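Written out below as structure tokens is the structure these notes cover.
Values quoted throughout were computed directly from the atomic coordinates according to the rules given, and no laboratory measurement underlies them. Keep in mind the model is a prediction, meaning the values are calculated, not measured. Every residue, glycine as well, gets a Cβ built from its backbone with ideal geometry; the counts of neighbours run over all protein chains shown.
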Amino acid sequence: MGQTNLNLAALIGSRICHDLISPIGAISNGLELLEMAGGMQGPEKDLITDSVGNAKARIQFFRIAFGASGEQMMGRPEIVTVLEDVSRGGRHAFRWAPLEPQPRGMVRLAFLALQCCETAMPYGGAVRVVVEDDAWTVIGEADKLSVEESLWAGLSDMDKMAEITPALVQFALLPTVASDLGRRVKYSHSDRQVMIRF
């Protein structure tokens with residue numbers, strides 16, 4: 001994917017997330033007003049509230065993973081909030097180890113790597129992000145992993161990239177965005193752990 005196409009795809013991702021977050025926020029506000037007025041109670045309201053919260057969290061996550069990154073820094077509180085929100089009620093737990101603010105482009109790489117790890121853990125698991133001396137490591141751990149070698153091989157060697165479906169677009173974006181940032185992606189795995197470094 002050329003640089004122009006990569007930037008265009010990121011801008012499209014940012015635009016979609018920006019346009020979706022406003023109506024979802026309005027629905028959330030409407031639910032709060034209904035609750036204060038006593039007009040909606042019970043499991044139906046809880047289901048709608050949970051669904052809106054999940055959609056909002058996923059959009060915030062996608063905004064970072066697929067949107068334009070720019071050169072600004074992201075603080076730990078914002079990153080941790082997004083990860084906690086997106087994992088609430090799900091099968092995957094995310095842990096963010098870095099304490100200092102990080103460049104948004106590197107956070108984007110980490111979020112793409114988190115999504116790659118998710119695909120290897122269909123029954124759930126834990127993923128943590130560690131930074132040591134500017135070397136990033138994303139580690140996914142689960143009792144049962146499912147690592148499709150033809151898919152994962154493309155992270156380290158784009159010539160070996162398997163056919164990518166929309167659900168797996170993170171596998172194509174991660175090495176492409178990493179290369180744009182002067183990074184090279186490497187991965188390894190064992191029976192219960194998958195590790196992505198860049």
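Figures for the structure shown
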{"read-out": "Positive-end residue, the chain charge dipole about Cα centroid, Cβ charges, pick of Pro101, Phe111, Leu33", "value": "Pro101"}
{"read-out": "Within region 98-198, GluC sites (Glu not before Pro) in DSSP loop having at most 16 other beta-carbon neighbours inside 10 Å", "value": "Glu148, Glu163"}
{"read-out": "Reachable lysines from Lys144, criterion Cα separation under 22 angstrom, eight or more residues apart if same chain", "value": "Lys186"}
{"read-out": "Normalised contact order of the chain, rounded percent, pairs of Cα under 8 Å and 6 or more residues apart", "value": "16 percent"}
{"read-out": "If the convex hull is drawn through the Cα atoms of region 114-159, its volume per residue in Å³", "value": "77 Å³"}
{"read-out": "Stokes-Einstein D (µm²/s) once Rh is taken as the Kirkwood radius of region 31-112 over alpha-carbon pairs, at 37 °C in 0.692 mPa s", "value": "229 µm²/s"}
{"read-out": "GNM top mover of Ala65, Ala93, Ala135 - the chain, alpha-carbon springs below 10 Å", "value": "Ala135"}
{"read-out": "The chain - Rg and Dmax from Cα coordinates, angstrom", "value": "17.9, 59"}
{"read-out": "Region 97-165: trypsin sites (Lys or Arg not before Pro) in DSSP coil with no more than 14 other Cβ atoms inside 10 Å", "value": "Lys144"}
